[in-house]
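All remarks here apply to the structure that follows.
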Amino acid sequence: MAKRLAFAFGLTVAIGVAIVAYAAVTMKGLGANADELASNRMVKITRFTDLKDNFQTIGRYARNIVINNDPAFVEGEKKKIAELRAKNTEILAKLDKTITLPRAQELYKVIIENRRPYNAALDRAIEMAVKGDKAAAGAYLIGDVRTLQNVVFKAVDDSCDLQQEIADELANSAVETAAFSVVLMSGLALLMAVIGGAVGWRLARSLRLSLGAEPGILSEAVAKVANGDLSQPLVAAPGDTSSVLANVARMQSSLSSVVSNVRMNSESVATASAQIAQGNHDLSQRTEEQASALQQTAATMEQLNSTVRNNADSAKQANQLAQGASTVALQGGEVVGKVVSTMQDISSSSRKIGDIIGVIDGIAFQTNILALNAAVEAARAGEQGRGFAVVASEVRSLAQRSAEAAKEIKTLIGRSVEQVEQGTMLVDQAGKTMGEIVGSIQRVSDIVAEIASASFEQSSGIGQVGEAVSQMDQVTQQNAALVEESAAAAESLKGQAQQLVQAVAVFRLSHDVSAGSSYVANSAASAPVVERRGPDRAKNVTRPAFKTKPVAASKPAAEETRSASAAARTGTDDWDSF
């Protein structure tokens, strides 16, 4: 198409250039002919005419001299003849410079050759008339002078006719050239008009087919699409698949589909971001409560650790007392009374130890429950709680061992109390049973040593539990910070989603739902705080957090947001109860 249009335009331009060039050449030729006609031929015709008129006037002056006897008049006529001859000489000199044609040169030669004899004969006739021989002068004029005059006049007339003929030829040639030029240029102009009209029609038709509609209609449709108005679908002509209007219609359809999908997704994102923000807000509050509960638990474990250390000190002191009692028993019966008092002290201490062991048993039971709950929560946490699940399992195993040791110690303490009571009853028979008492005290010393060892192990285990609780406290504080960051990110996502909804609301679709979108966004933004705590969940038991790896704090915000969102969707993410 572009090549054909270029060829058509080029041909039109070539015809126009040809017309202009031909007109220029023709005008130049006509100008040359006109110049030749005006400045050469007509000038020569005028000169030859003047020359003939001068010759005729000279002849008339000569006849006047012949017929007039007035000397003054004769002299005047002679002067006039002399002036006209001078003019003829000047005219012939000018003609001599401009005559170039052979025929004109021949005639000019005849004029020059016969002019002198003609002037001489005429002078002779004048002279005869001046002398008074009028009759002879008249006869001479009619005879010889007229013969020479006829030759000169004929040469002048022939020269004038020749120049006139040449001028006529130039004029006729100019007329013919002008007529032919008019016809030719008219034809070329008509051809150029036809080609230009055809090119214009072809171009208009091609543009109409390429655009698919009038430029004003297409511009209005594109302006509506540019302004976001997609409510009025564009309709192309049947079978039109490649015009600008058809492509704009497809673009409008695609853009309408994209805007509709973006609008729906932005509304969903706005609603989800609002729910995430609300869930993060609830999670932040529960995380703070969890951190407070863990601080209390850490304080309690610190007190328990102090109690166990005191128990270990007491067991160590009991061991020393048992060793002292064994030494005293070896010294003899004189210290039996002291032994009785010591045995009573031992009985009292044993009861206290039994109480302490009961407390240790209860602590082990509570620790076992806490470890069980921690294992359950670690299992619920999945991959992130795997490390803490291992710690919880170890704590539970240690708690079970502590419980078994406590039970065994309690049993042994019970036996020791029974033996001490029997020793008190049989203290009067100390002399008989001194050996048995020494053995019993030795066994008591061993048992107390075992109690001290178990108390030390229990103190170490409780210390580990306290350390784990401290780590959970730190992790919970980190989680609280991450929850705050997640809440801020959720708020930012909420704002961006609302901005996206507002940005998409600029477009108007055929099934416009912008009002509903604003309503959804506003409803999501103003959603009330929802209590996610289950109705039957306990509220007086502290739920421990998970022990996370050190790299968990530096995970991308996107994973933290997804984790928080997943927790928010469970509906049972109460961190204050289990």
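Nothing in this text is a laboratory measurement; each read-out follows from the coordinates by a stated rule. What you see is a predicted model, and the numbers here were worked out from it, not measured in a lab. Cβ placement follows ideal geometry from the backbone for every residue including glycine, while neighbour counts extend to all protein chains displayed.
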**Complete:** Going fewest to most other Cβ atoms within 10 Å around each Cβ, Val328, Val395, Val20 line up as Val20, Val328, Val395
**Request:** Give the order of Ile356, Ile67 when sorted by the count of other beta carbons within 10 angstrom, beginning with the fewest.
**Result:** Ile67, Ile356
**Prompt:** Say R0 is 56 Å: what FRET efficiency, to the nearest 0.05, do Thr89 and Glu220 get from their beta-carbon distance?
**Reply:** 0.05
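Here are some pairs, Lys80/Lys154; Lys44/Lys131; Lys97/Lys131; Lys134/Lys154; Lys87/Lys134; Lys79/Lys109; which of them have Cα atoms lying more than 32 Å apart in this structure?
As for pairs spanning more than 32 Å Cα to Cα, those are Lys44/Lys131; Lys97/Lys131.
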**Prompt:** Which whole-Hz ³J(HN,Hα) couplings does the stretch 195-204 yield from phi under the Karplus relation 6.51 cos²θ - 1.76 cosθ + 1.60, θ = phi - 60°, glycine and proline marked x?
**Reply:** 5, x, x, 5, 4, x, 5, 4, 5, 4
**Counted charge near Ala452, where neighbours are those whose Cβ lies closer than 13 Å (Asp, Glu -1; Lys, Arg +1)** = -2
**Request:** For Asp229, enumerate residues with amide H under 5 Å from its amide H, sequence gap 5+ or separate chain, H modeled in the peptide plane.
**Result:** Arg508
**Complete:** Ordering 476-483, 164-171, 184-191, 315-322 by per-residue average of other C-beta atoms within 10 angstrom, highest first, gives 476-483, 315-322, 164-171, 184-191
**Message:** Taking the number of other C-beta atoms within 10 Å as the exposure measure, put Ser440, Ser173, Ser326 in order starting with the fewest.
**Reply:** Ser173, Ser326, Ser440
